[in-house]
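Have a look at the structure below before the remarks.
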Amino acid sequence: METKILLVDDEEGIRKVLGISLMDIGYQVFTAKNGREALAVFKKHLPPIVLTDIKMPVMDGINLLRQIKAESPDTEVIMLTGHGDMDLAIKCLKLEATDLITKPINDDVLEIALKRAHDRIGMRTQLRAYTENLENLVREQTARLINTERLAAVGQAVEGLSSALRGIAGDLDTGINYFNELPCFVSIHNPHQEIIAINSLYRERLGDHVGLASGAAYPPDNPAPSPVKETFTTGKGMRRRATAVYADGTRGPVMVHTSPIRDSRGNVELVVEIGADIGEVRRLQERLQATRQRYRQLFDEAPCYITVLSPDLTIRAANRRFQEDFELTVGAFCHRIYKDRDEVCPGCPVTRTFADGNSHQCEMEVTSKRGETYRVLIRTAPIRDLNGHITHVMEMSTNVTRTRRLEDQLTSLGLMIGSVSHGIKGLLTDLDGGIYLVDSGFKKENQQQIHEGWDTVRFMVGRIRDMVLDILYYAKEKDLKWETVDVLGFSEEVLRTVRPKINDQEIAIRHRFDPAIDRFQVDAGIVRSALTNIIENAVEACRSDLSGRPHEICFEVTQDADHIYFNVSDNGIGMDTATRANVFTPFFSSKGTRGTGLGLFISNRILSQYGGGISLESEPHAGTRFSIKIPKKADLHPATAAP
């Protein structure tokens, strides 16, 4: 059966081309040209997947996403955009979009996004199946438990029946019929210890003993005294284990209960004897135990966290997977275990299920007993008693941390690809300009123009080479090469390297190194690269300042208890708000055509991964101050950073 998909885009060409591709994959495609039209199509056909552009007239994709999620939270919505905007991507993901794809659409990227949508749909379907299976097992277990308890409580029932039998003792043929539905052997005895009435199960299993002695159902060699005789003698009910002889000659254990039936003067007139087949009870108990074991196995082996909660939100049972990852104390509040908080979580699905009796789902972050943060998809189901009242709620939570991390990484990758494409496009445009100058110079035999064009080509080729190397460096998993370095010697070396570039620009440089700093562990290559990049930025900031004032750069090295700080400040042109916000963004460069825009981004990303980082303070026309923070001791177990 074809899967329905709704394609929404204001460009007819995209709807046609992408629609054909989706039909080739096997989808039943519905289209709309804007959000308002898409809502009408969605309500009519209810497709499980929606593929929508963001920028559209009448109603844009963001509002369409918001309304679809409000009406159908399980619908997977994939966003299309022609703009690599990180804020836009974050906004879509907060509204629970499945993915965000940049235009032009790559077939492989689209295929990955559609597969992720199907995986999410399949995960929800699987969770519903687990819920239904567990509910069925709970109902089956409850029914059998009640049946077993009913047999075990025969003695109590006999006492209650004695008062009823007093009223029907005068009509035994009619009265005994009331016991035909009981799953036990019922017989009534007179003072001569003769059987005067039996129910249908007694007649079927033990034989027709009416008119025979009270002990006819038991073997002649039975050493125990007759419970019927004792009841006539003492006037009290008896309870005894005995062996019964069945109609086919076989023997089996029974539990016998007797109760006196008194006349109006209080004398024992009749005795009712009820026997329960212990073998049947044992078989029921064994089946109940097997059911409990299967239930517990399913409960423990389910690939998600399962808990059973009472109305006060305390956990009454939890499966093995939950106990492995969370500090379980039966009777503890779920919000205390999940989030170490005293109050109920906002929008708690368990509370909502207790309130309306429906299943609910949500997604939230929880903390394991090892301090790890997990992203879990939660679904609830009510557990009802025989009267239909909700006594508990079952909560099933699937750990989707890796899935969400992969989604974030793929989104970042999409935005990165867009930025890379934009940067390379600019370089190629400049390269085309240089090639044009060379070609034009050859045609005109203009040597100066040829030299100018060739200088441009050579410069742009160098920039492309630097960009490619930076991209490869960024894409490769980077492990820092920790080594113990003398801080002052390392700082002097950096200063000697950059001083010639600064002196050529007639910019003064001064330094101040804390003499108390000794050694620390660091990847010297990363820090050297970051410092060189920052100092070159400072030189460029001073060169760009046309105020006529003298310029200087200050290089400081300081420390605190846990970190070393390399500070570079200048009194150059400074940065406005937009520049400060983008300094650590890939492919943003304040050096114009002389930078690739990756140096500071890569350095900050790697240093942050290992407990350090780069920060800055700057105001227009007031200079800039960069600070590199490095931990004195290497963190050998860094947190994994997103690319």
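Just so it is clear, none of the values below were taken in a lab; they were calculated from the coordinates. All of these numbers come straight from a predicted model, not from anything done at the bench. Heads up, the Cβs are rebuilt from the backbone with ideal geometry, glycines too, and the neighbour counts pull from every protein chain shown.
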(message) Cross-link candidates for Lys632: which aspartates and glutamates have Cα within less than 18 Å, leaving aside residues fewer than 8 places away along the same chain?
(response) Asp479, Glu483, Asp486, Asp514, Asp518, Asp523, Glu556, Asp560, Asp562
(request) Can you figure out the FRET efficiency of Glu363 with Lys44, using R₀ = 45 Å and their beta-carbon distance, to the nearest 0.05? (result) 0.95
(request) Give me the number: length gained by fully extending Ser264 to Glu181, i.e. 0.36 nm times residue separation minus the C-alpha to C-alpha distance, one decimal in nm. (result) 27.0 nm
(request) Calculate the spin-label point distance for Ser440 paired with His621, positioning each point 7 Å from the Cα along the beta-carbon direction, and give it in nanometres. (result) 3.8
(request) Give Lys43/Lys339; Lys43/Lys94; Lys16/Lys103; Lys4/Lys103; Lys91/Lys369 a once-over and call out the pairs whose C-alpha atoms are over 26 Å from each other. (result) Lys43/Lys339; Lys91/Lys369
(request) Would you mind ranking Cys362, Cys92 so that the residue whose beta carbon has the fewest other beta carbons within 10 Å leads the list? (result) Cys362, Cys92
(request) Based on other C-beta atoms within 10 Å, arrange Leu134, Leu7 from fewest to most. (result) Leu134, Leu7
(request) Can you tell me how much longer the chain between Arg287 and Glu492 gets when fully stretched, taken as 0.36 nm per residue apart minus their C-alpha distance, in nm with one decimal? (result) 65.7 nm
